[in-house]
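What follows is one structure encoded as structure tokens, with my remarks underneath.
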Ligand code: GLC
Ligand code: CA
């Protein structure tokens, strides 16, 4: 298990929206380099950078046209190498985004695979054997090639699915291959080669896109788990230091496949949306939310994944509404008290640390659709375009939050009561207390149905900390077998303890030694 993951706190960078240093309206590698000190001083020590490879950008770069070349709009391969070097100088690690499930329709592999004459890439993608045979339960594109068949797609119809085979190929359907067959094995070898290329360049690992859906007709994920186990043995042999995190959302499966970490996601069985993104989120001060189902599912996953790897709860990402969409003000601070006191490596989506808002009413940009409003350029200061870019405003990659009172790093740094300062403080406290860190244990004390507060104990070998989180505006109490000793963090007042009963004020978070 990688040592640096014990204390890793990630910052997700959507590169097109972070900092533009050549006034073309789009963020770039140099922009990332210039802000490494900012990220480090917030307390984050690791990065996840969204796909930055050659692409027609039909899905913001999740449609790769060349896995070995960066998109010129961000800079060259050499510039990306500089990102790695500069990050390492600051004791930071960098994960790239690997998109193994599909490519762009502009990828040369795909163009070759669409040819009528059999070639090296004929089996690189999943094709049915006739243009009239539609792949059941999957998307497909047809009628554009001389090759007779429908090509399976994964996400948008511009993203043809790479061929990793079927879990149990239907013997009636000769076009379905098994993972062990030559075509799928060649696809995986090609993807391992991509990983090898960037790891040799100095990246520290990968966030893996749609990691759980590579093998088809695999409802329990058994085939895909086996696939990742094969990747794990490749990495163990050649790059034992590479960190792997999956976009899977089912840690019991992904960690078995050899990932070090898995995300809880806004889809799948995790109940993650109950926290911040549903009509009555638990973290709203209205106090009408419910965290019970989330905790039950979390406990189940936690037991299964104990000692195997980390379950990571992100503040948000480029696919969902901003954290500040449904919760605001102090609610955000209390949400971060939770995010930064849970096990697993925390992931902060750029701008969430200053409460950047979801920008309403934007036209879709590069396949963003309703995700576009969560991808608007970072708000640094009060200069032109909030310091993101000196390009004319109409050239910006995505329009920025038009509110004159929009949060910026600058105005939040100047305000001692800002969200920025609270997040920074919480990160510092986490890093100073082993009990709060990524691998320390969790034991839920209070998390019942329709009830506030939430309370849990985090424990390391030398420390135990009771965490109490009360997002509701009403004071609450609960019975607790522990007596809180000196606080290591409080927000919104203090708790009182009486005869096995703890009372807390409304809109409160506190961490106590026990
Ligand atoms: C993942 C990415 C998302 C992308 C999709 C297809 O969910 O996070 O942005 O559109 O995969 O690659
Ligand atoms: Ca630029």
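Just a few scattered comments:
- Subset of region 371-386 that is in contact (Cβ under 8 Å) with a residue 40 or more places away in the chain and either surrounded by fewer than 22 Cβ atoms within 10 Å (Cβ to Cβ) or assigned to a helix (DSSP H, G or I) (or both) - its residue that is farthest from ligand 1 (Cβ to nearest atom): 380
- Taking region 228-334 as the region of interest, the helices (runs of 4 or more DSSP H) fully inside it that hold 2 or more residues being in contact (Cβ under 8 Å) with a residue 40 or more places away in the chain, closer than 30 Å to residue 418 by Cβ and touching a helix residue (DSSP H, G or I) at 6+ places or on another chain (Cβ under 8 Å) are 273-276.
- Applying the set (1) over 21 Å from residue 345 (Cβ atoms); (2) outside any helix (DSSP H, G or I); (3) within 16 Å of ligand 1 (Cβ to nearest atom) to residue 21 leaves exactly one unmet item: (3).
- For residue 94: the one exception among (1) within 16 Å of ligand 2 (Cβ to nearest atom); (2) more than 24 Å from residue 189 (Cβ to Cβ); (3) crowded, with 21+ Cβ neighbours inside 10 Å: (1)
- Selection count where residues are in contact with a helix residue (DSSP H, G or I) (Cβ under 9 Å, 6 or more places away or on another chain) and in a helix (DSSP H, G or I), scope region 387-406: 2
- Filtered by the rule that a residue be more than 16 Å from residue 356 (Cα to Cα) and either touching a strand residue (DSSP E or B) at 6+ places or on another chain (Cβ under 6 Å) or buried (at least 16 other Cβ atoms within 10 Å of the Cβ) (or both), region 5-14 gives 5, 8, 9, 10.
- Of all residues in region 145-173 being within 16 Å of ligand 1 (Cβ to nearest atom), assigned to a loop (DSSP other than H, G, I, E, B) and in contact (Cβ under 8 Å) with a residue 24 or more places away in the chain, the one that is farthest from residue 217 (Cα to Cα): 158
- All conditions in (1) assigned to a loop (DSSP other than H, G, I, E, B); (2) within 16 Å of ligand 2 (Cβ to nearest atom) hold for residue 44, with the sole exception of (2).
- Condition met for residue 61 (on the phi > 0 side of the Ramachandran plot and surrounded by fewer than 24 Cβ atoms within 10 Å (Cβ to Cβ)): no
- Tally of residues being touching a helix residue (DSSP H, G or I) at 6+ places or on another chain (Cβ under 6 Å) and either under 19 Å from residue 458 (Cα atoms) or surrounded by fewer than 15 Cβ atoms within 10 Å (Cβ to Cβ) (or both) across region 492-514: 1
Read the figures in this text as sums done on the coordinates, not as results from a lab. Being a predicted model, the structure only gives us computed values, none of them experimental. Cβ coordinates were reconstructed from backbone atoms using ideal geometry, including for glycine residues, and neighbour counts include every protein chain displayed.
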